[in-house]
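The values are calculated or read from the model by the stated rules, or taken from the named source; none is laboratory data. Keep in mind the model is a prediction, meaning the values are calculated, not measured. Backbone-built Cβ (ideal geometry, glycine too); neighbour counts: all protein chains shown. To get the accessible areas, we keep the full protein, side chains included, count just its heavy atoms, and leave off ligands, DNA and RNA. Shrake-Rupley method; radii C 1.70, N 1.55, O 1.52, S 1.80 Å.
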Amino acid sequence: MCNIPMTQNDLIALKTWFAGYCDSFATSDKEDRKNFDVKRKHTADVCANMLLIAQDLGLDEQQALLAETVALLHDVGRFPQYQEYKTFQDSRSVNHAALGAKVLLESFVLLRLSKEERELVVRAVTLHNVLAIPEGLDDETLLFVRMVRDADKLDIWRVFLEYFAQPKPDQATAVALGLPDLPEYSPEILARLHQRKLVLLSALKTLTDFKLLQLAWIFDLNFIASLRIVAQKQYIDRFAVTLPQTDVIADAVDSVREYLNEKLGRGAL
Ligand SMILES: [Fe+2]
């Protein structure tokens with residue numbers, strides 16, 4: 001047990017633990033390996049996004065270490081989830097965030113952190129995937145939960161765009177949640193985009209719906225740094241070209257683009 005604030009060495013030790021943890025899921029099955037690799041690379045990129053946001057917010061070194069720790073551990077639940085159920089779809093398996101928190105508590109890996117840090121990391125991991133952040137969190141927890149949710153979304157967009165660009169045999173199947181790759185979409189999902197509202201995962205029927213759901217995530221971003229990354233990486237335009245080219249879809253995409261421009265024009269969230 002430890003009561004002093006975490007150090008760079010603690011983060012290095014956690015990274016070593018995470019690498020060994022990923023290695024423990026090594027498999028000779030090519031398909032499974034692709035899906036595990038997606039999550040390993042995703043974790044590294046979420047860490048990088050987290051640091052960009054931390055820097056933009058002017059967090060101190062201590063907070064940046066904690067932020068990176070949350071990013072490093074946010075998806076540990078994905079590995080046992082896939083191993084047992086062969087899917088990343090929580091509704092067909094388990095809540096991977098809750099499973100991740102359980103893994104962390106059972107592994108004792110967090111014992112090198114102080115009690116406060118430990119509790120914060122577990123809370124942030126648990127809340128990284130909820131549809132809406134619950135009320136009543138303390139300011140510090142709220143900050144890290146908001147950060148990891150943004151850093152995560154920013155990289156899930158990358159994962160998807162890479163997935164769509166790959167030839168079918170190279171694709172990591174679990175990324176698309178097993179949804180049929182059809183041009184059909186649900187009109188109520190388009191309506192949500194116009195209302196600037198999030199889409200429930202339970203509303204999804206096709207991969208097109210899922211692309212629209214992901215575009216709606218832009219409304220849930222918490223920090224201006226995150227919106228700037230969306231603009232820099234041209235995520236809206238890159239998603240738009242993967243969607244069916246119809247006027248109604250183009251209108252919905254435009255409304256998302258308008259939201260981004262408004263937020264960036266105003267310069268603050
Ligand atoms: Fe996750």
- Which value, in Å to one decimal place, does the Kirkwood hydrodynamic radius take for the stretch 147-269 when every pair of different Cα atoms is included? 14.7 Å
- Query: List the lysines whose alpha-carbon lies under 23 Å from that of K233, not counting same-chain residues fewer than 8 positions away?
  - Reply: K39, K41, K153, K197, K211, K263
- Among GluC sites (Glu not before Pro) in the stretch 132-169, those in a DSSP loop whose Cβ has at most 13 other Cβ atoms within 10 Å are E135
- Enter the mean projected area of the convex hull around the alpha-carbon atoms of the chain, in nm², rounded to one decimal. 14.2 nm²
- Query: Hey, what's the stretch 201-256 come to in accessible area per residue, 1.4 Å probe, Å²?
  - Reply: 40 Å²
- Just going by the charge dipole of the stretch 72-230, with Lys and Arg at +1 and Asp and Glu at -1 on Cβ, which of L110, T141, Y82 is farthest out on the positive end? Y82
- Query: Nearest 0.05, what FRET efficiency do Q83 and Q8 give at R0 = 30 Å with Cβ-Cβ as r?
  - Reply: 0.45
- Net charge of Cβ neighbours under 12 Å - reference G77; Lys, Arg +1; Asp, Glu -1: -1
- Query: So what is the calculated 222 nm ellipticity per residue for the chain, using -39500 (n - 2.57) for each DSSP H run with n of 4 or more, over all residues, to the nearest 500 deg cm²/dmol?
  - Reply: -20500 deg cm²/dmol
- Measure nothing but the geometry: give the 0 to 90° angle between the long axis through the Cα atoms of 61-73 and the longest principal axis through the Cα atoms of the chain, rounded to 10°. 70 degrees
- Message: Whole-Hz ³J(HN,Hα) for each residue in the stretch 175-189, computed from phi via Karplus 6.51 cos²θ - 1.76 cosθ + 1.60 with θ = phi - 60°, x for glycine and proline: what do you get?
- Response: 4, 8, 6, x, 7, x, 7, 10, x, 5, 9, 8, x, 5, 6
- Message: Over the Cα atoms of the stretch 30-115, each weighted equally, I'd like the Debye log10 I(q)/I(0) at q = 0.11, 0.26 Å⁻¹, rounded to two decimals.
- Response: -0.36, -1.23
- Note on the structure: In nm, the gap between the two label points placed 7 Å beyond Cα toward Cβ at A132 and T242 is 2.8 nm
- Quickly work out the L111-to-E31 label distance, labels modelled 7 Å from Cα along the C-beta direction, and quote it in nm with one decimal. 3.9 nm
- Query: What are the radius of gyration and Dmax of the stretch 100-158, computed over its Cα atoms and given in Å?
  - Reply: 12.1, 34
- Task: Return one number: the angle in degrees, 0 to 90 and rounded to the nearest 10, between the long axis of the Cα atoms of helix 207-216 and the longest principal axis of the Cα atoms of the chain.
- Result: 70 degrees
- Query: Per-residue accessible area for E61 at 1.4 Å probe radius, Å² rounded to 10?
  - Reply: 140 Å²
- Query: In the stretch 125-212, carbon and sulfur make up what percent of the accessible area (probe 1.4 Å)?
  - Reply: 58 percent
- Message: Whole angstrom only: what separates the Cα centroid of the stretch 1-68 from the Cα centroid of the stretch 232-264?
- Response: 31 Å
- Would you kindly find the accessible area of M6, with a 1.4 Å probe and non-protein molecules such as ligands, DNA and RNA excluded, rounding to the nearest 10 Å²? 0 Å²
